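Please read the structure below before turning to the comments.
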Amino acid sequence: MIQEQRIVSHFTSLVAIDAPSRGERALAEVVKSQLRDLGLSIEEDQAKEAIGGDCNNIYATWPGTLDWPPLVFCAHFDTVEPGKGKRAVIRPDGIITSGGDTVLGADDLSGLTAIVEAIRSIREDGQEHRTVELFLTVAEEQHLLGSTHAELDRLKGRQAYVLDASGSPGTAIVQAPGNIGLVFDLQGHSAHAGMEPEKGVSAITAAAKGIAAMRLGRIDDETTANIGRICGGGATNIVADACTVTAECRSRDAAKLEAQADQMCAAMEKAARDLGARVAIQRHVSYRPYAVSPQSPVLARFQAACRKLGLAGALQPGGGGSDNNTLCEAGFDGIVLTCGMDQVHSCQERIAIRDLVDTARLVESLITEP
């Protein structure tokens, strides 16, 4: 059976290991050792060279005793900042929080520990089970950088469950947006800001006018856009001759995603042109949107498992990307599962022990039921 004390101990021990994006090696080595002890074979790809990190994506296989299609379970190693020196605090009410000065790392250690606990439970109980493949990624928090450089042919299965969403277990994310990243490099002309400002062309002013003309925030139910950073200029007595703006847009509709990026680029190009500045634009599709078919076997199995366990079995769209975007683009039938994490990407991140246990119970059911 799923053991509450064991999964809590495992979760808190992994929280204590720093695992920033591109620096996940220490955590991965601990998990690899645990998986080998459970009888899984381990492979790695060459992602670290491609992304400038210290760790590759990990592929682990647990051979099944049943001749059912193999399932892929995916989680990621890395956490967002601030994540150095994380520690888990277990409250009397059954909630685990961070110490308050870092993230907790439930994103995505909740998914990772649930997968490991489910395998331990099945193995100890001697249950019949299908073949399980684990796809454990690096640099997921960097716009899916690790899975973008994955070698997915290493996986035999084509049905996947990605444990990486906020909320109590029992909900599946069946639609998610794509993401286009934008970098605007504006070039103006410097001049003395007090003596002859009219001889200068402010790159910062051009950037500001371009941003003001963009559609930003919530565009519609499927589409968002945001400015991430503005950097440029120097002394106040010099008209700024350079400015860089980073931005992104997201949409669950591919046509809307491209149209939103077009609008943002056109706004910045017009502002630069009107003021006599120049702009160079870098445009990169970080990941593409996906929607899961209502006839998906992965979805049907999830809902059957939820009925058995008394979980909601709810379906909803998501607002963020995950490694499932990469998997779906490669032809996998995959959904993202909520796994208890709450207030992620903040120092208030937390998770209920009950949700850790229920996520592991759900994974166990998916492995042992048709």
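Can you pull out every residue in the stretch 117-139 that is touching a Leu at 6+ places or on another chain (Cβ under 7 Å), closer than 13 Å to residue 38 by Cβ and surrounded by 24 or more Cβ atoms within 10 Å (Cβ to Cβ)? Selection gives 119 alone. Of all residues in the stretch 160-190, those that are farther than 10 Å from residue 339 by Cα, in a loop (DSSP other than H, G, I, E, B) and in contact (Cβ under 8 Å) with a residue 60 or more places away in the chain total 2.
Number of residues in the stretch 140-159 that are crowded, with 24+ Cβ neighbours inside 10 Å and outside any loop (DSSP other than H, G, I, E, B) equals 2. Taken over the stretch 184-203, the criterion of being of a type outside the set (D, E, K, R) and under 16 Å from residue 265 (Cα atoms) is satisfied by 184, 186, 187, 203. Checked across the stretch 23-34, the condition of being over 23 Å from the mean Cα position of the chain (by Cα) and outside any loop (DSSP other than H, G, I, E, B) holds for at least one residue.
Quick check, is residue 319 assigned to a loop (DSSP other than H, G, I, E, B) and either in the same structural domain as residue 226 (by TED's automatic domain parsing) or in contact (Cβ under 8 Å) with a residue 12 or more places away in the chain (or both)? Criteria met by residue 319.
Being assigned by TED's automatic domain parsing to the domain that holds residue 151, of a type outside the set (A, V, I, L, M) and farther than 17 Å from residue 40 by Cβ holds for only one residue in 52, 64, 111, and it is 52.
So for the stretch 302-309 (the condition being assigned to a strand (DSSP E or B), among the hydrophobic types (A, V, I, L, M, F, W, C) and in the same structural domain as residue 130 (by TED's automatic domain parsing)), does at least one residue qualify?
Looking through the stretch 302-309, none of the residues is assigned to a strand (DSSP E or B), among the hydrophobic types (A, V, I, L, M, F, W, C) and in the same structural domain as residue 130 (by TED's automatic domain parsing).
Given the criteria farther than 14 Å from residue 161 by Cα and at pLDDT 95 or above, does residue 297 qualify? Judged against the criteria, residue 297 is not a match.
Could you say which residue among 204, 281, 227 is without any contact (Cβ under 8 Å) to a residue 60 or more places away in the chain and either part of a strand (DSSP E or B) or in contact with a helix residue (DSSP H, G or I) (Cβ under 8 Å, 6 or more places away or on another chain) (or both)?
Numbers: 204 fails: either part of a strand (DSSP E or B) or in contact with a helix residue (DSSP H, G or I) (Cβ under 8 Å, 6 or more places away or on another chain) (or both); 281 fails: without any contact (Cβ under 8 Å) to a residue 60 or more places away in the chain.
227 is the lone residue from the list that is without any contact (Cβ under 8 Å) to a residue 60 or more places away in the chain and either part of a strand (DSSP E or B) or in contact with a helix residue (DSSP H, G or I) (Cβ under 8 Å, 6 or more places away or on another chain) (or both).
The values are calculated or read from the model by the stated rules, or taken from the named source; none is laboratory data. Being a predicted model, the structure only gives us computed values, none of them experimental. When we count neighbours, we look across all protein chains shown, and the Cβ atoms used for this are built from the backbone with ideal geometry, even at glycine.
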